[in-house]
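The values are calculated or read from the model by the stated rules, or taken from the named source; none is laboratory data. What you are looking at is a predicted structure, and each value in this text was computed from that prediction instead of being measured. Cβ sites come from the backbone with ideal geometry, for glycine too, and all protein chains shown count toward neighbours.
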Amino acid sequence: MDFSLNDTQLLQWESIVDFSRRELNAEVRNDDLQGTFPLPKWRKCAEMGLLGLLTPEEYGGLGQDLTSAAISLQALSYGCEDSGLTHAVVTQLCCVVLLNQYGSAEQKARFLPKLSSGELIAAQSITEPDAGSDVLSMRTKADASSSAYLLTGGKVFISNGPLADLVIVFAKDSEGKSSFGGDISCFLLEKGTPGFSAGKPLAKMGLRTLQNSELFFDEVAVAQEAMLGKRGHGMFIFGEAIEWERVLMTAAHLGTIQRVLEKCVSYAKTRKQFGKEIGQNQSVANKIGAMKVNLELGKLMLYKMAWLKDQGKRATLEASIGKLFVSESLKSACLDAVQIHGGYGFMQECELERDLRDSIAATIYSGTSEIQQNIIARMLGL
Ligand SMILES: Cc1cc2nc3c(=O)[nH]c(=O)nc-3n(C[C@H](O)[C@H](O)[C@H](O)COP(=O)(O)OP(=O)(O)OC[C@H]3O[C@@H](n4cnc5c(N)ncnc54)[C@H](O)[C@@H]3O)c2cc1C
């Protein structure tokens, strides 16, 4: 087993960290306060190739495998202090993966190049006001009775929702089999389609530069060709998508943990109280030590998850273990980081309170921690 990064991955790590620090960290505090999506930085991410990490080269991307893309995302969130922007990038990559895996040749040729160049922004929409963790209870329906499908219903909390040019919509097909989600299909919906609208960006506790909103479908006509994958395969697609999403989110969270950890080490070595550095106190050092333990264990889990997906295998159990462990580790690392920085940690100037606010959502989106625990128990036959 080889745990080292190869030369290409090392170079990629260094260049993305350097890029992120140089191009993405100005005005983050202000953008967070205003809740503004930093479109110029998004375009820079596209120029850097970050939106095309997983897009095949023939469609203008870098065609990386998931392991390399996971390293790139860690580098991005390690260098970039705007976790909302990183989340928007991850959302785009999740949509690219779905299109690449299930899209027709026409759909890929039409959308993948523009998603990699950042010209189009994408969102994926599953959650509804009455169907969050319980995905199968979704009510958005796709009526197949006319020549086109008619989408009716609504989604909520959708990342990139207010900006999205292309939305992947999961909906219940009126003629499908209702058992095990066999009535759910997946559609590509374009901005400007009559009957489709997005709500205003929702005000949030954290990840405020990421734009989230409701989506409304009022008898939106979508052609047969707009279906992604096969009819009734929505839950199968969702199952695959959520594994990729959990790997990509986990990669981004680990980069943030590393950034926060290094900030704590630096502060603990320089801040003096009672005539010595605060890091000389075991209760402070132990908090930082725990961050390091979680970072290293999280990386092992990440690379296992990514390796499984690169082999074309399912990683349901591993993705849930990794997502649960790393998202909870991120939240506790950010909370401890504020504590280690004392009063300064509580101030906006220190920029850790934003990381803490941002981290809270990590144990909610992409399946809550409780749902990951349920999946792990189910996989153990409980
Ligand atoms: C920042 C952010 C970005 C998001 N982006 C997207 C997106 O792009 N697309 C999208 O479709 N959705 C998105 N979501 C929605 C997200 O996926 C849901 O919020 C999440 O799945 C939980 O659903 P819910 O909010 O309805 O909570 P609920 O399902 O109502 O859960 C409420 C509480 O009950 C617990 N609970 C529920 N069922 C069980 C159970 N069986 N066992 C134990 N505990 C249970 C939950 O763990 C939670 O603590 C986003 C959410 C956030 C916060």
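Note on segment 117-128: residues that are in contact (Cβ under 8 Å) with a residue 40 or more places away in the chain and within 8 Å of the ligand (Cβ to nearest atom) amount to 4.
State which residue is nearest to the chain's Cα centre (by Cα) when the search covers only segment 141-158 and only residues that are surrounded by fewer than 23 Cβ atoms within 10 Å (Cβ to Cβ) and within 16 Å of the ligand (Cβ to nearest atom). Out of the qualifying residues, it is Phe157. Looking only at residues of segment 241-265 that are closer than 15 Å to Glu81 by Cα and of a type in the set (Lys, Arg), we find that the one that is surrounded by the fewest Cβ atoms within 10 Å (Cβ to Cβ) is Lys263.
How many residues does segment 266-283 contain that are surrounded by 12 or more Cβ atoms within 10 Å (Cβ to Cβ) and closer than 18 Å to Tyr344 by Cβ? Qualifying residue count for the region: 8. Listed by first and then second residue, the pairs with beta-carbon distance under 7 Å, at least 6 apart or on different chains, first residue in segment 344-370 and under 14 Å from Thr86 (Cβ atoms), second near the ligand (Cβ under 9 Å from one of its atoms) and of a type in the set (A, V, I, L, M), are Asp358/Leu207; Ala361/Leu207. Please go through segment 159-171 and give me each residue that is more than 10 Å from the ligand (Cβ to nearest atom) and either assigned to a strand (DSSP E or B) or buried (at least 24 other Cβ atoms within 10 Å of the Cβ) (or both), ordered by number. Of everything in segment 159-171, those that are more than 10 Å from the ligand (Cβ to nearest atom) and either assigned to a strand (DSSP E or B) or buried (at least 24 other Cβ atoms within 10 Å of the Cβ) (or both) turn out to be Leu166, Ala171. Any residue at all in segment 194-209 that's under 21 Å from Val97 (Cα atoms), within 16 Å of the ligand (Cβ to nearest atom), not in a strand (DSSP E or B) and not β-branched (Val, Ile, Thr)? Looking through segment 194-209, none of the residues is under 21 Å from Val97 (Cα atoms), within 16 Å of the ligand (Cβ to nearest atom), not in a strand (DSSP E or B) and not β-branched (Val, Ile, Thr).
When residues in segment 318-344 are screened for being surrounded by fewer than 22 Cβ atoms within 10 Å (Cβ to Cβ) and among the small types (Gly, Ala, Ser), 3 of them pass. If only residues of segment 50-72 that are surrounded by fewer than 20 Cβ atoms within 10 Å (Cβ to Cβ) and without any contact (Cβ under 8 Å) to a residue 40 or more places away in the chain are counted, the one that is farthest from Thr86 (Cα to Cα) is Glu58. Residues that are touching a helix residue (DSSP H, G or I) at 6+ places or on another chain (Cβ under 6 Å) and either assigned by TED's automatic domain parsing to the domain that holds Val97 or closer than 29 Å to Thr193 by Cβ (or both) within segment 204-242 comprise Leu207, Arg208, Thr209, Leu210, Leu228, Gly229, Met235, Ile237, Ala241, listed in sequence order. One residue stands out in segment 354-367 among those that are out of contact with any helix residue (DSSP H, G or I) (no Cβ under 8 Å at 6 or more places or on another chain) and near the ligand (Cβ under 10 Å from one of its atoms): the one that is nearest to Gly322 (Cα to Cα), namely Ile364.
Taking segment 368-377 as the range and being within 6 Å of the ligand (Cβ to nearest atom) and more than 17 Å from Met205 (Cβ to Cβ) as the test, the residues that pass are Glu370, Ile371, Asn374.
Number of residues in segment 212-238 that are farther than 24 Å from Arg110 by Cβ and buried (at least 22 other Cβ atoms within 10 Å of the Cβ): the value is 2.
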